[in-house]
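The values are calculated or read from the model by the stated rules, or taken from the named source; none is laboratory data. Nothing here was measured: the structure is a model prediction, and the numbers come from that model. A quick note on method: Cβ atoms are made from the backbone with ideal geometry, for glycine too, and the neighbour counts reach across all protein chains shown. Just the protein is used for accessible areas: all its heavy atoms, side chains included, with ligands, DNA and RNA removed. Shrake-Rupley method; radii C 1.70, N 1.55, O 1.52, S 1.80 Å.
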Amino acid sequence: LPSKKYGALVAALPRRHANLLIQLRTNHVPLQTYLARIGKVMTATCPTCEEAPETVAHYLLACPTYGLHHAVHFRPLGFSGRNLSTLLNSKDAIRPLFTYINATGRFRAVFGDLAAP
């Protein structure tokens with residue numbers, strides 16, 4: 001079961017945001033690696049940079065296609081903005097995380113507009 005800390009983290013989030021956050025945390029999010037694992041696509045390679053498998057860590061921290069978005073949206077978090085655990089578990093990171101996700105438009109087809117809560 002989710003911890004009390006996680007419950008407090010998602011308590012104020014809209015359902016769509018909380019749903020995507022749990023998917024990101026469990027790696028069951030519609031990125032190429034997961035879609036390839038369940039047989040929906042042929043390759044796990046990132047469709048934007050075509051350099052590496054598109055995992056949660058690659059999408060949030062390493063994809064060169066979204067490099068400008070990384071710099072702009074995660075800068076207020078300082079060094080911790082380069083840590084996947086912080087991005088997915090910190091109350092301070094929720095707004096920059098969803099601003100980043102909305103700016104990249106990566107999940108817009110599935111979740112619609114994900115403006116920061």
key: the chain, dipole about Cα centre (Lys/Arg Cβ +1, Asp/Glu Cβ -1), debye to the nearest 20   = 460
query = Looking at segment 1-78, which GluC sites (Glu not before Pro) are in a loop (DSSP not H, G, I, E or B) and have at most 16 other Cβ atoms within 10 Å?
reply = 50, 51
key: Rel. contact order, % - alpha carbon contacts under 8 angstrom, at least six apart, segment 4-105   = 20
inquiry  = With unit charges on the beta carbons (Lys and Arg positive, Asp and Glu negative) and the dipole taken about the Cα centre of segment 4-105, which residue among 55, 18, 83 sits farthest to the positive side?
reply    = 18
query = With θ set to phi - 60° and the Karplus curve 6.51 cos²θ - 1.76 cosθ + 1.60, what are the ³J(HN,Hα) couplings of segment 45-56 in order, to the nearest whole Hz, using x for Gly and Pro?
reply = 5, 4, x, 8, 9, 6, 10, 8, x, 8, 9, 4
ask   = At a probe radius of 1.4 Å, what is the per-residue accessible area of residue 29, in Å² to the nearest 10?
value = 0
message = If I fit a long axis through the Cα atoms of helix 15-26 and take the longest principal axis of the Cα atoms of the chain, what angle between them do I get, 0 to 90°, rounded to 10?
response = 60
note = So the angle from the long Cα axis of helix 94-104 to the longest Cα principal axis of the chain, reported in degrees to the nearest 10, equals 30
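Per-residue ellipticity at 222 nm for the chain, helices alone: DSSP H runs ≥ 4 residues times -39500 (n - 2.57), over residue total, nearest 500 deg cm²/dmol?
It lands at -12500 deg cm²/dmol.
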remark   = Placing +1 on each Lys and Arg Cβ and -1 on each Asp and Glu Cβ in the chain, then taking the dipole about the Cα centre, the residue among 117, 41, 67 whose Cα reaches farthest towards the positive end is 117
query = Loop-only check: which trypsin sites (Lys or Arg not before Pro) in segment 1-73 are DSSP coil with at most 12 other Cβ within 10 angstrom?
reply = 40
